[in-house]
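Enquirer: Got a structure here, written out as C-alpha cells. Questions coming.
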Amino acid sequence: MPKYSLLSPIILLVFVASCSSSSNEQTFDSSKVARASASEVEKVVEDFILVEDGGIIDIPAGFYELNTQLIIDNKTNITIKGAGMDQTFLSFKGLQSGGEGVKIVGNNIVIQDLSIEDAPGDGVKAQHSDGITFRRINVTWTNGDKSKNGTYAIYPVQCKNVMIDEVIASHSKDAGIYVGQSENIVVKNSLAFGNVAGIEIENSDNAEVFGNTARNNSGGILIFNLPGLPKSDGGSTRIYDNDVIENNHENFATPIGEGPNGNTVTMIPPGSGIVLLAAKEVEIFNNRILRNKTFGVAIASYQITGFPDEAPNWSPYTSDIYLHDNQYDRSEGFPDLTRELGQLVSIYNAHGKARTQDIIYDGIWDTTLSETIDTNPMRICISEPSMSELYFSRFVLMNGEDNIEAFKESAPFQNCKVEVLTNTDQLTGM
C-alpha cells in the first residue's frame, strides 16, 4: 500500500510560535487543605487493599502524599469517593514504583469527587473492566516542565460500559481524557485543557462525546484508529454539543522513538480543533469550533503519518463521516509550522498561504473503490451552513511531494448523509 508522508522537511519559514494560555483554567489549590497524617495515608492504602466486593472506600478531605499506587484488583461493585475535587487530593509526586496513581481492574466500579496530582505515568487507569464510572474527578500535574508530566489523566482501556462525567483533565503529555480499545462509551460535561490532546477516542466502538469543553490543548478532540492494537478498527462515534475552543497549545508529546511513551499525537499541530485519523462512522454536529489557529476539523487517512499502514482487520482510510450544523470561527493567527500537517495547511491550502482552514480533507482514498475521488468513495459528507463562507481545502497528496495541490471545491462531498448509529442506553444510571 502506498505511503503519503506529507512533506520532506520544508524550508524554514519565519513564524511566531504561540503557546496559548487561558485566564479561566479551572484548577484547585491543594495547598489550602490540611495535610493528612501518616496514619490517615496508611488507612487509604489499606482500604484499597482490603475492600471487599460491594464495598465503599471513603476518603475524607485532605492532602494525601502517597508513595505507593492505589490498586483495585478484580473487585466488583466498588465505590471510591472523596469529599470533592477541591477537598480530597491524592498526590503521587513521591511514587517510586508503578506508572499509574490509581489502577482499577474490576466490574461496576465508581470513582468520584476527588483530585489526583502528579502521577508518574497515568493519573487513573482502568483496564479490562465492565462498568467503570469516572465522575467529578480532577487529574492534573503541577510540574513546571510539562515534558515530565504523565501520559494520560483519565485512561480506561480495553473496557466496556465507560461513563466519564464532569471530570477535569489537564496537562497530560498525551491525552487528558482517553478511551481506547473499548466499547459503549459516554464522555460528557467534562473539561480538558492544557493537554496535547484534550479528548481522544481510539480504536473504540459506540461512543458519544457531548457537552464537553476542550480548550487550550494542542488538539481538541481526536478520533483515531491505529494499527497493531489488540482491538483493530473502531466505529460509530457521535461528537455533538461541545465547545472546541482555542486549542493552540504547544505540542509537548514525546516523539515516537524518543522514549517508551512516544505516540502518534506528536504529529498533531497546535491549533487543531477536531482530528479524524483512519476514523470510521463518525457524526460531528452542533459543536462550537472556534479560533483554532491551524484548522477546525481535519479528515485524514493514516497514510499521512508516514508510518507503516498495514495491519490485519484494519483500514488506514477515514470513511463514513457526516459533518453538519457546526459553528466555526477562524483564528486570526497563523497556522502552526512545527508539524508537517500544519505546514501543509499553511503552504498548500486552497485559500492563500498562511490561512487558517475551517475544514481540511487529505483527499486520500481507496483506489480499489473508485478511479476518482469525485465519486466520494470514502463517503465523506459535509453539510455545514454557509459552506461558501468557510475555508475548505481538499488536498491532492497522491502525486508526490513535488505535485501537492489543494482545491476549495466541496461539491463532491455535499448533498449526502451518513447514518451513524449509537446506543448507550446500557449506561443509564451509571
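The values are calculated or read from the model by the stated rules, or taken from the named source; none is laboratory data. Predicted model, so just to flag it, every value in this text is computed and none were measured. Ideal geometry is used to build each Cβ from the backbone, glycine not excepted, and the neighbour counts take in all protein chains shown.
Enquirer: Please list, ordered by first then second residue, the pairs with beta carbon atoms under 7 Å, 6 or more apart or interchain, first in segment 341-352 and among the hydrophobic types (A, V, I, L, M, F, W, C), second surrounded by fewer than 22 Cβ atoms within 10 Å (Cβ to Cβ) and modelled with pLDDT under 95.
Expert: Cβ pairs passing all conditions: Leu344/Leu7; Ile347/Ile10; Ile347/Lys353.
Enquirer: List the number of the failed condition for Ala119; all other conditions in (1) of a type outside the set (Asp, Glu); (2) in a strand (DSSP E or B); (3) buried (at least 23 other Cβ atoms within 10 Å of the Cβ) hold.
Expert: In the conditions (1) of a type outside the set (Asp, Glu); (2) in a strand (DSSP E or B); (3) buried (at least 23 other Cβ atoms within 10 Å of the Cβ), Ala119 misses (2) alone.
For (1) touching a Leu at 6+ places or on another chain (Cβ under 7 Å); (2) of a type in the set (S, T, N, Q); (3) in a strand (DSSP E or B), each residue gets a yes or a no:
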site: Asp47; (1), (2), (3): no, no, no
site: Ile57; (1), (2), (3): no, no, yes
site: Asn77; (1), (2), (3): no, yes, yes
site: Ile104; (1), (2), (3): no, no, yes
site: Ile132; (1), (2), (3): no, no, yes
site: Arg136; (1), (2), (3): no, no, yes
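Enquirer: Additional query: Go through segment 234-245 residue by residue and tally those that are buried (at least 24 other Cβ atoms within 10 Å of the Cβ) and touching an Asp or Glu at 6+ places or on another chain (Cβ under 6 Å).
Expert: 1
Enquirer: Can you list residue pairs whose Cβ atoms sit under 7 Å apart, with the first residue in segment 84-108 being farther than 15 Å from Phe134 by Cβ and the second being among the aromatic types (Phe, Trp, Tyr) and at pLDDT below 95? Count only pairs 6 or more apart in sequence or on different chains.
Expert: Every condition considered, the pairs that remain are Asp86/Phe28.
Yes or no, residue by residue, for (1) buried (at least 24 other Cβ atoms within 10 Å of the Cβ); (2) of a type in the set (A, V, I, L, M, F, W, C); (3) part of a strand (DSSP E or B):
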site	(1), (2), (3)
Ser232	no, no, no
Asn247	yes, no, no
Pro269	yes, no, no
Val275	yes, yes, yes
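Enquirer: Of the residues Asp174, Asp205, Asp145, which single one is within 24 Å of Phe92 (Cβ to Cβ) and touching a residue at least 12 places away in the same chain (Cβ under 8 Å)?
Expert: None of the other options fit; the residue is Asp174.
Enquirer: Moving to a separate point now. Exactly one condition in (1) out of contact with any helix residue (DSSP H, G or I) (no Cβ under 8 Å at 6 or more places or on another chain); (2) surrounded by fewer than 14 Cβ atoms within 10 Å (Cβ to Cβ); (3) touching a residue at least 40 places away in the same chain (Cβ under 8 Å) is not met by Glu405; state its number.
Expert: It fails just one condition, (1).
Enquirer: Could you say whether any residue in segment 94-103 is within 16 Å of Ile164 (Cβ to Cβ) and in contact with a Lys or Arg (Cβ under 8 Å, 6 or more places away or on another chain)? So that I can check it myself, show each step before the final result.
Expert: Narrowing segment 94-103 to residues within 16 Å of Ile164 (Cβ to Cβ): 102.
Within this subset, residues satisfying the condition of being in contact with a Lys or Arg (Cβ under 8 Å, 6 or more places away or on another chain) are 102.
Yes, because at least one residue in segment 94-103 is within 16 Å of Ile164 (Cβ to Cβ) and in contact with a Lys or Arg (Cβ under 8 Å, 6 or more places away or on another chain).
Enquirer: Can you spot a residue in segment 380-400 that is in a loop (DSSP other than H, G, I, E, B), of a type in the set (Lys, Arg), closer than 21 Å to Val282 by Cα and in contact (Cβ under 8 Å) with a residue 24 or more places away in the chain? Explain how you work it out, then say what you get.
Expert: Kept after step one, since they are in a loop (DSSP other than H, G, I, E, B), are these residues of segment 380-400: 384-386, 390-391, 397-400.
Right, trim to of a type in the set (Lys, Arg) and you get none.
No: segment 380-400 contains no residue that is in a loop (DSSP other than H, G, I, E, B), of a type in the set (Lys, Arg), closer than 21 Å to Val282 by Cα and in contact (Cβ under 8 Å) with a residue 24 or more places away in the chain.
Enquirer: Tell me, which strands (runs of 3 or more DSSP E) lie completely within segment 141-186 with 1 or more residues that are out of contact with any Gly (no Cβ under 9 Å at 6 or more places or on another chain), at pLDDT 95 or above and surrounded by 24 or more Cβ atoms within 10 Å (Cβ to Cβ)?
Expert: Details: elements: 152-157, 160-165, 168-170, 175-180.
Correct list: 160-165, 175-180.
Enquirer: Another question, then. Considering only residues that are within 13 Å of the chain's Cα centre (by Cα) and in a loop (DSSP other than H, G, I, E, B), which ones fall in segment 191-215?
Expert: Gly194, Asn195, Val196, Asn203, Ser204, Asn212 - these are the residues of segment 191-215 that are within 13 Å of the chain's Cα centre (by Cα) and in a loop (DSSP other than H, G, I, E, B).
Enquirer: Name the pairs whose Cβ atoms lie under 9 Å apart, with the first residue in segment 122-133 and free of Cβ contacts under 8 Å to residues at least 40 places away in the same chain and of a type in the set (S, T, N, Q), the second assigned to a loop (DSSP other than H, G, I, E, B) and crowded, with 24+ Cβ neighbours inside 10 Å, and 6 or more positions between them or separate chains?
Expert: Qualifying pairs under 9 Å: Gln127/Cys159; Ser129/Cys159.
Enquirer: Any idea how many residues of segment 221-230 are closer than 17 Å to Ala298 by Cα and assigned to a loop (DSSP other than H, G, I, E, B)?
Expert: Qualifying residue count, segment 221-230: 2.
Enquirer: If you scan segment 376-386, which residues turn out to be surrounded by 14 or more Cβ atoms within 10 Å (Cβ to Cβ) and either of a type outside the set (A, V, I, L, M, F, W, C) or modelled with pLDDT under 95 (or both)?
Expert: Result: Asn376, Pro377, Arg379, Ser383, Glu384.
Enquirer: Among (1) over 28 Å from the mean Cα position of the chain (by Cα); (2) outside any loop (DSSP other than H, G, I, E, B); (3) of a type in the set (Val, Ile, Thr), where does Thr368 come up short?
Expert: The one condition Thr368 does not meet is (2).
Enquirer: Looking only at segment 412-423, decide whether some residue is touching a strand residue (DSSP E or B) at 6+ places or on another chain (Cβ under 9 Å), part of a loop (DSSP other than H, G, I, E, B) and at positive phi.
Expert: yes
Here is a yes/no grid of residues against (1) surrounded by fewer than 17 Cβ atoms within 10 Å (Cβ to Cβ); (2) charged (D, E, K, R):
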{"position": "Gly54", "(1), (2)": "yes, no"}
{"position": "Ile57", "(1), (2)": "no, no"}
{"position": "Ile78", "(1), (2)": "no, no"}
{"position": "Ala83", "(1), (2)": "yes, no"}
{"position": "Thr88", "(1), (2)": "no, no"}
{"position": "Glu100", "(1), (2)": "no, yes"}
{"position": "Ile104", "(1), (2)": "no, no"}
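Enquirer: Go through segment 122-140 residue by residue and tally those that are of a type outside the set (Gly, Ala, Ser), surrounded by 21 or more Cβ atoms within 10 Å (Cβ to Cβ) and under 22 Å from Val33 (Cβ atoms).
Expert: 6
Enquirer: Exactly one of (1) exposed (fewer than 15 other Cβ atoms within 10 Å of the Cβ); (2) free of Cβ contacts under 8 Å to residues at least 40 places away in the same chain; (3) of a type outside the set (D, E, K, R) is unmet by Cys416. Its number?
Expert: Going through the list (1) exposed (fewer than 15 other Cβ atoms within 10 Å of the Cβ); (2) free of Cβ contacts under 8 Å to residues at least 40 places away in the same chain; (3) of a type outside the set (D, E, K, R), Cys416 breaks only (2).
Enquirer: From the set of residues in segment 79-94 that are in a strand (DSSP E or B) and of a type outside the set (Lys, Arg), which is farthest from Leu191 (Cα to Cα)?
Expert: So, considering only residues that are in a strand (DSSP E or B) and of a type outside the set (Lys, Arg), the one farthest from Leu191 (Cα to Cα) is Thr79.
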